[in-house]
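J.: Dropping a structure here in structure tokens format, bear with me for questions.
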Amino acid sequence: MQFPKSNRLTTTVSGGWVGECTIARARIRRIDLTIALLIFAIGFGWYLSGVESQDYHLDESRWINRAHYLEDLADPFGPTWNHQYLTRGQPPIGSYSIGLGLVLQGQDLETNPAYDFRRSREWNQQHGTFPSHDDLMAGRRWNAFLGGVSAALLYLVVRTLTNPIGGITAAVFFLSNPLEIWYNRIALADTTLTLTLSLLYLATIHCLRRPRWWLAIAMGILIGLGGGNKFTPLALSIPLAGIGGIILLRSWWFRLRNSGIQDTLFWHLPPLSHLGWMLISTPFVALATFVASYPYLWPDPIRRTIYMLNFRQQEMDNQYRLNPRFQTDSPLESLHMTYNMLGNTWSSTLQIFQWLQLDRIGDLLSQLDLWLAIAGTLALVVIGLRKGIRSPELVIAALIVFQMVTVILSMRVAFERYYLPIMVGEFVAIGCAVGYAVAPLMGAPRDIDLHVRQADPPATPTSQEVLS
Amino acid sequence: MRAITITMLLVMLALTQSAAARDGDTLVPIEIDAPLLITFPDSLLTENDFSAIEGRIREARNSGVPLAVRVVDLSANGQDVPREIHQLPGTDLSQLTQAQINGTTQAWIDQEPVETTPGADDGILLLVIVPEDRTQTQAYWRIGPNALPLNSLTAGNIAATVPTMEAQFKQGFVANGVYQGLLEFGSNIQFGVPERRERTTLQDALHTAMIPLAIITAMAGVAIPLIAWRLGRKSTNVVAATETLSAWEIAAIEIGRVSPAVTTAMLLEAIHDGSVRPTDGGGLLLSPEHTGPVVDVLRPFASDHGVVPRAAVLEIEGITQPIRLEMEDHLASIGAFTDRARTDRTWILLLMGIATFLIALGIVPIVVSMSALGILGIVVAVLGITWGWWWLEHRSYTTEAGTVMMAAWLETASAADHNRFNLAVHQTFLIEQTGGPNTSAQMKLVRHLRGLGAH
């Protein structure tokens with residue numbers, strides 16, 4: 001067989017492109033950082049501008065009330081973590097976040113008593129369950145800050161998957177979404193979850209691009225923190241571990257058939273530095289984080305988690321009974337309701353056109369969010385399948401779909417806040433759709449000096465050789 | 001060993017003691033035999049008042065509290081009322097001693113148990129005695145000896161409802177007093193501040209036993225960075241050799257170890273000189289005419305036609321490991337790398353193993369005995385392990401002699417060698433954030449040759 005010669009340029013040497021690429025990368029990194037900071041500043045300012053005028057949400061009383069959980073962490077066997085209604089009712093990460101926000105703004109963690117939903121508003125007012133203005137504003141400002149950070153992270157997520165245009169699109173859709181605007185201007189826990197999920201997506205992309213244990217553990221911790229906020233993110237460890245398992249099995253199979261590889265653990269298993277192990281570790285790290293962050297669970301982690309899940313189910317049943325308007329009776333109905341709400345009520349496109357006083361066009365195009373999100377998810381899947389199972393695109397698509405399916409399957413009442421975790425994936429997908437669409441306009445990257453012509457396929461079938 | 005056995009026995013015994021008085025989730029709705037509310041006579045309360053008070057009791061039971069309320073008009077002559085009630089003075093009930101109150105409520109419970117299961121004695125009774133002068137009405141709580149701890153209720157916050165009720169009673173509002181008291185009681189169920197869990201005798205013993213374990217665990221955690229720091233300060237006795245080093249070896253000295261970036265740079269060089277070429281299917285075609293470390297190490301995985309399949313390229317980090325090990329050994333032998341790397345690594349791994357073992361050993365007894373010191377020990381040990389792990393991953397093996405060799409080499413190296421050096425040293429930076437539709441061919445190639453698969 002004729003071995004093809006390299007057609008490299010004679011004037012260059014191997015690796016000569018490294019210097020130029022390094023400079024280019026440094027420049028791109030600076031630009032990305034600048035754009036991300038700009039998005040953060042715009043987002044923070046935007047959310048902050050509305051915290052005073054935003055209507056009071058009764059749940060704010062509960063979240064600000066539980067801010068003291070943060071300092072109670074120092075007393076993990078104290079009364080706060082007994083088996084009691086408030087502690088059992090809600091995992092504590094959102095409370096820690098609000099507590100941290102209050103502390104960072106000089107507020108103490110002695111706040112209002114919790115709002116009692118069994119009693120009238122008057123009774124609650126009489127018993128001081130409404131937060132003080134200072135506490136309320138501090139909590140809201142903190143979430144405005146976290147909302148700004150989330151917008152910047154969404155830019156980085158989509159920019160890392162596609163290009164700056166995609167990243168900016170994701171951030172714009174996020175910042176203009178009416179549901180996000182509402183929730184990032186009030187003192188609830190949902191913004192913390194949005195931030196956690198954005199960080200998870202970013203960590204996942206980087207871990208798949210260049211596997212590192214600290215990133216894999218960070219992914220597990222983020223999933224655990226997400227679960228410690230709203231439970232459903234715990235399910236995200238399933239696709240990660242599943243993909244990790246497939247990658248590991250494939251590698252193991254190769255090593256069993258090629259005993260020449262010395263870098264193995266035992267029984268020819270890949271070493272611990274292998275990506276497969278990293279991804280498989282995520283459910284374990286997530287569960288450990290979930291339990292470690294929640295002293296209530298320590299005396300009996302499994303049983304108390306079951307208590308919590310049963311309670312959440314019971315609450316969902318109560319809400320189902322009390323809110324006929326939001327009832328959903330099947331996953332299909334939930335999906336339909338989600339489509340309707342995200343496409344018509346909580347649509348960024350609609351909001352943007354409304355700001356432009358083009359309400360009618362907004363009404364016509366309000367479902368553009370969803371269409372773009374569907375296109376983006378499909379693009380991620382197709383590109384991911386083409387690249388292979390180790391591609392960040394495929395894993396991110398799996399996370400987006402898994403998060404959506406988990407929420408829809410567990411939903412019995414379609415409260416708007418349940419859509420927030422889905423929407424993080426939605427914005428990522430929207431950004432990716434636009435990013436891929438404009439990619440041809442971004443200009444092909446220059447192949448500087450290492451001209452590599454791919455070898456001609458060998459005469460015998462490649463597939464057989466690959467199998468051999 | 002004996003200490004461990006005793007500790008385990010204590011843990012087993014302590015675990016059998018339930019944290020709550022009742023098993024299971026004490027917050028879920030509960031049903032008991034005792035009726036919610038009975039008044040003597042039946043007509044003591046209006047229908048509306050009766051219904052409102054019943055609603056509050058039902059609310060308590062829905063929150064898992066086995067509560068019953070009995071309201072007795074002393075003038076009533078019902079047979080169901082215990083004799084002790086009728087023996088109470090008709091006026092000035094506030095002068096009753098605690099013993100008299102206890103006797104009265106106990107008499108009621110003896111006649112009509114309020115409990116979740118027969119004999120459990122875990123119910124809570126509110127007995128309201130209404131004398132002829134209604135402003136003298138009194139409310140007595142009877143808390144079953146096995147009722148608490150229960151949710152956020154405490155003996156204190158239950159007793160604190162009495163003044164609320166009395167304030168209404170003094171105005172002659174019996175029903176409203178009971179209602180207001182139960183409202184407060186209901187709030188306490190969900191939002192009161194529960195009492196700190198007390199340790200049992202067994203837990204106390206275990207808690208004492210955990211003190212030394214907590215200290216040892218924390219010390220194991222602290223020892224990891226300390227020993228690592230000590231190991232890092234040990235100087236090597238090997239004098240720098242004066243032999244010529246390759247660009248790859250110098251790059252390894254700069255990186256601090258022979259990372260996969262070095263072997264990938266060697267592969268890129270091999271592609272550049274034509275001895276290796278990427279194929280359409282993601283594999284590598286090896287030139288039959290060329291030899292060299294990377295080509296040689298890949299050849300066993302190639303087909304007869306010289307094609308290394310994509311599956312092997314994905315495992316290229318493992319396949320090229322012998323080159324890295326050999327280079328590390330060589331650099332250690334000439335003093336560029338510390339020759340104690342493996343020994344140091346073993347020490348740190350051993351310490352990390354000890355810390356992990358101590359955590360595993362202590363975590364259950366520490367939680368069971370509610371040892372805050374133990375938790376602190378675990379936190380310190382986890383931080384130490386994390387630090388050790390970081391150190392193992394990022395520690396530079398390069399010695400001072402190695403740094404001198406590198407400086408000398410960089411002064412005299414050709415432009416081509418500088419590029420090879422850069423190809424390894426800056427490679428990670430190149431691949432770190434690349435991806436997406438606008439990734440250059442070089443980036444994709446580097447990622448591919450790192451065995452990172454999809455970019």
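The values are calculated or read from the model by the stated rules, or taken from the named source; none is laboratory data. The structure presented is a predicted model; accordingly, all values stated were derived computationally and were not measured. In this analysis, Cβ positions are derived from the backbone assuming ideal geometry, glycine residues included, and neighbour counts consider all displayed protein chains. The area values use the complete protein model at the heavy-atom level, side chains included, leaving out ligands, DNA and RNA. Shrake-Rupley method; radii C 1.70, N 1.55, O 1.52, S 1.80 Å.
J.: Gap in Å between the Cα centre of the stretch A:141-176 and the Cα centre of the stretch A:321-400?
T.: Between the Cα centres of the stretch A:321-400 and the stretch A:141-176 lies a distance of 17 Å.
J.: Continuing with the same structure: Tell me, which residues of the stretch B:257-289 get at least 40 Å² less accessible area when the other protein chains come in, versus the chain alone (1.4 Å probe)?
T.: For the stretch B:257-289, once contacts with the other chains are taken into account, B:272, B:277, B:278, B:280, B:285 lose 40 Å² or more.
J.: Set the Förster distance to 56 Å, then compute FRET efficiency between residue B:364 and residue B:407 from the Cβ-Cβ distance, nearest 0.05.
T.: 0.55
J.: Hey, what number do you get for chain B at 222 nm if only DSSP H runs of n ≥ 4 count, each worth -39500 (n - 2.57), divided across all residues, to the nearest 500?
T.: Roughly -17500 deg cm²/dmol at 222 nm, from the helical runs in chain B.
J.: Also, quick follow-up: Can you pull out the GluC sites (Glu not before Pro) in the stretch B:89-176 that DSSP calls coil and that have at most 10 other Cβ atoms within 10 Å?
T.: B:132
J.: At R0 = 30 Å, how high is the FRET efficiency between residue B:350 and residue A:259 if r is their beta carbon distance? Nearest 0.05 is fine.
T.: 0.50
J.: Residue A:415 versus residue B:400, label points 7 Å from Cα toward the beta carbon: distance in nm?
T.: 6.5 nm
J.: Over all alpha-carbon pairs of the stretch A:12-467, lay out the pair-distance distribution in 20 Å bins, whole %, shortest bin first.
T.: Taking all Cα pairs of the stretch A:12-467, the binned fractions are 22, 54, 21, 3, 0 percent.
J.: So, how do all the Cα-to-Cα distances of chain B break down into 10 Å bins, in percent, from 0 on up?
T.: 4, 15, 15, 12, 10, 10, 9, 9, 9, 6, 2, 0
J.: Right, next: How high is the FRET efficiency between residue B:304 and residue A:310 when r is their beta carbon distance and R₀ equals 51 Å, given to the nearest 0.05?
T.: 0.20
J.: Treat each spin label as a single point 7 Å out from the Cα along the C-beta direction, and report the residue A:401 to residue B:343 distance in nm.
T.: Between residue A:401 and residue B:343, the simple spin-label model gives 5.5 nm.
J.: Can you tell me the 0 to 90 degree angle between the C-alpha axis of helix A:419-438 and the longest principal axis of chain A, rounded to 10?
T.: The answer is roughly 30 degrees.
J.: Ok, one more. Could you tell me the distance between the Cα centroids of the stretch A:61-109 and the stretch B:81-154, to the nearest Å?
T.: Rounded to whole Å, the Cα centres lie 37 Å apart.
J.: Sorted from largest down, what three extents in whole angstroms do the Cα atoms of the protein assembly as shown have along their principal axes?
T.: 116, 80, 51
J.: I'd like the orientation of helix A:237-257 relative to chain A: the angle between its Cα long axis and the longest Cα principal axis, in ° from 0 to 90, rounded to 10.
T.: Here the helix axis deviates by roughly 20 degrees.
J.: What does the helix-only formula give at 222 nm for chain A: each DSSP H stretch with n ≥ 4 adding -39500 (n - 2.57), the total divided by the residues, and the result rounded to the nearest 500 deg cm²/dmol?
T.: Calculated at 222 nm, the ellipticity per residue is -21000 deg cm²/dmol.
J.: Here's a follow-up. DSSP loop trypsin sites (Lys or Arg not before Pro) in the stretch B:103-195 with at most 15 other Cβ atoms within 10 Å of their Cβ, which ones?
T.: Listed in order of number, the matching sites are B:170.
J.: Also, I was wondering about something else. So if each residue of separation counts as 0.36 nm, and I subtract the Cα-Cα distance between residue B:80 and residue B:211, what length gain in nm does that give?
T.: 41.5 nm
J.: So for the stretch B:255-312, considering every pair of alpha-carbon atoms, how many percent are separated by more than 16 Å?
T.: Roughly 40 percent, once rounded to a whole number.
J.: Over the whole of B:293-304, what's the average partner chain Cβ count within 10 Å per residue? Rounded to a whole number, please.
T.: 2
J.: Work out, step by step, the length gained on full extension between residue A:26 and residue A:317: first 0.36 nm times the residue separation, then minus their alpha carbon distance; give nm to one decimal.
T.: 99.4 nm
J.: For the interface of chains B and A, what total accessible area is buried with a 1.4 Å probe, rounded to the nearest 100 Å²?
T.: Buried surface at the B/A interface: approximately 8100 Å².
J.: Can you give the accessible area per residue of the protein assembly as shown, in Å², using a 1.4 Å probe?
T.: Accessible area per residue, the protein assembly as shown: 43 Å².
J.: Would you kindly state the longest site-free stretch of chain A, with sites defined as GluC sites (Glu not before Pro) in a DSSP loop (not H, G, I, E, B) surrounded by at most 16 other Cβ atoms within 10 Å?
T.: That gives A:111-468 as the longest site-free run.
J.: Considering only DSSP beta bridges where both residues belong to chain B, give the percentage that are antiparallel (nearest 5).
T.: Beta bridges within chain B, antiparallel portion: roughly 55 percent.
J.: List the aspartates and glutamates whose alpha-carbon lies under 14 Å from that of residue A:387, not counting same-chain residues fewer than 8 positions away?
T.: Result set, ordered by chain and number: B:280.
J.: What share of all Cα pairs of the stretch B:123-181, in percent, falls into each consecutive 5 Å distance bin?
T.: 4, 20, 29, 20, 14, 9, 4, 0
J.: Roughly how many percent of the accessible protein surface of chain B is carbon and sulfur, given a 1.4 Å probe and a whole-percent answer?
T.: 57 percent
J.: Peptides A:317-330, A:300-313, B:179-192: what's the order by average Cβ count within 10 Å, highest mean first?
T.: Descending packing order for the listed peptides: B:179-192, A:300-313, A:317-330.
J.: For the Cα atoms of chain B, what angle does the longest principal axis make with the long axis of helix B:341-368, in degrees from 0 to 90, nearest 10?
T.: 10 degrees
J.: Amide H to amide H under 5 Å from residue B:33: which residues, 5+ apart in sequence or cross-chain, H placed 1.01 Å off N in plane?
T.: B:115
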